[in-house]
1. Defining a contact as two alpha carbons under 8 Å apart and six or more residues distant in sequence, what relative contact order in percent does the chain show?
2. Can you send over the solvent-accessible area of Trp68, 1.4 Å probe, protein chains only, in Å² to the nearest 10?
3. For the chain, which span is the longest to avoid every loop-located (per DSSP) member of GluC sites (Glu not before Pro) having at most 11 other Cβ atoms inside 10 Å?
4. Just the number: Rg to Rh for the chain, Cα atoms, Kirkwood Rh, two decimals.
5. Given a 1.4 Å probe and heavy atoms of the protein chains only, how would you sort Tyr219, Tyr265, Tyr125, Tyr203, largest accessible area at the top?
6. Which order do you get for Val212, Val121, Val241 if you rank them by accessible area with a 1.4 Å probe, largest at the top?
7. Hey, if we sort Leu120, Leu267 by accessible area with the 1.4 Å probe, largest down, what's the order?
8. If contacts are Cα pairs under 8 angstrom and at least 6 residues apart, what is the relative contact order of the range 196-283 in percent?
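The values are calculated or read from the model by the stated rules, or taken from the named source; none is laboratory data. Just so we're clear, the structure is a prediction, and the values are computed from it rather than from any experiment. Neighbour counts run over all protein chains shown; Cβ positions are idealised from the backbone, glycine included. We work out accessible area using only protein heavy atoms, side chains counted, and drop any ligands, DNA or RNA first. Shrake-Rupley method; radii C 1.70, N 1.55, O 1.52, S 1.80 Å.
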Amino acid sequence: MKQSEKQAIAASLKEFCSLKGSQNAASRSISGVSSATISQMLNGQWDLISDEMWRNVAAQIGHDRRKWNVVRTRGFQRMTDILSDAKDRALVMAVTGEAGCGKSESIKVFAKGHRNVYHLVCSEYWNRKNFMTEMLAQLSIASAGYTVSEMMSDIISTIKKRENPIIILDEADKLSDQVLYFFISLYNHLEDDCGIILCATNYLEKRINKGVAANRKGYKEIFSRIGRKFIPIDQVNGDDVEAVCRANGVTDEDTIDKIIDNCDYDLRRVRRLVHAENRRREA
């Protein structure tokens with residue numbers, strides 16, 4: 001790995017430590033990395049740190065070596081406004097939008113720029129203990145040997161001590177019912193103390209509405225706690241795609257039109273097409 005890349009990762013790590021409050025807190029949030037290793041990275045003592053360790057840290061702190069320029073599309077700005085409002089006013093909301101509309105990118109940028117933002121990317125395989133372990137890692141708390149009840153108690157007591165905290169459950173539609181019920185517990189214990197955002201595709205709205213109609217356990221409670229409303233994020237349009245292209249080096253009008261025609265208005269696909277165009281020009 002080049003020295004310049006290590007310098008860039010170290011700079012990102014310094015920002016990460018600042019957001020977490022200390023090097024020790026940061027190390028508890030980064031799996032498989034000691035506080036001593038973080039200290040060495042920050043102090044330029046790199047001789048004994050493997051490239052694999054650098055890549056591990058970079059991946060976990062959200063460092064992007066590809067130097068992609070994020071554009072504040074309509075969806076990005078809408079998501080940022082929602083997050084700011086929820087954080088400042090301890091609001092609980094559910095946000096839905098098509099895949100590739102910019103929700104997750106906005107969350108990542110927001111989390112990097114604000115303290116006490118706890119961003120969990122949910123997975124289908126999570127059980128209750130997986131969920132709690134991820135939440136405690138976000139809070140820089142070790143979870144080994146804890147029961148689920150003890151984990152929940154630590155989460156609640158720790159968050160209540162933080163200033164303007166916010167929990168963001170990204171891809172929340174992937175959670176099983178048993179784990180999704182934890183949202184109710186979090187709300188009950190943290191109402192007026194912490195913002196909570198459920199973020200997902202439109203499938204979450206369909207799932208909750210269907211559960212409410214069928215009187216399934218917990219669904220009416222979930223629907224009530226999000227204010228009986230799902231906040232939609234604008235779908236990407238041609239202007240958004242053009243802005244992303246231009247911000248990342250693609251300025252030819254015909255090429256931009258081709259990307260617009262072939263991207264399906266999905267920003268992930270736009271990114272691939274822009275990278276492909278830039279590689280073609282560099283060849």
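1. On the way: 383 pairs, mean separation 64.3, N = 283.
Taking the mean separation of contacting Cα pairs over the length of the chain, I get 23 percent.
2. Here the accessible area works out near 40 Å².
3. On the way: sites that count: Glu124, Glu163.
The segment 1-123 is the longest one with no such site.
4. Numbers: Rg = 20.3 Å, Rh = 20.5 Å.
Rg/Rh for the chain comes to 0.99.
5. Values: Tyr219 0, Tyr265 90, Tyr125 160, Tyr203 130 Å².
Ranked from most to least accessible, the order is Tyr125, Tyr203, Tyr265, Tyr219.
6. Details: Val212 35, Val121 70, Val241 0 Å².
So, going from the largest accessible area down, we get Val121, Val212, Val241.
7. Values: Leu120 5, Leu267 35 Å².
Order by accessible area, largest first: Leu267, Leu120.
8. Working: 43 pairs, mean separation 18.0, N = 88.
Relative contact order comes out at 20 percent.
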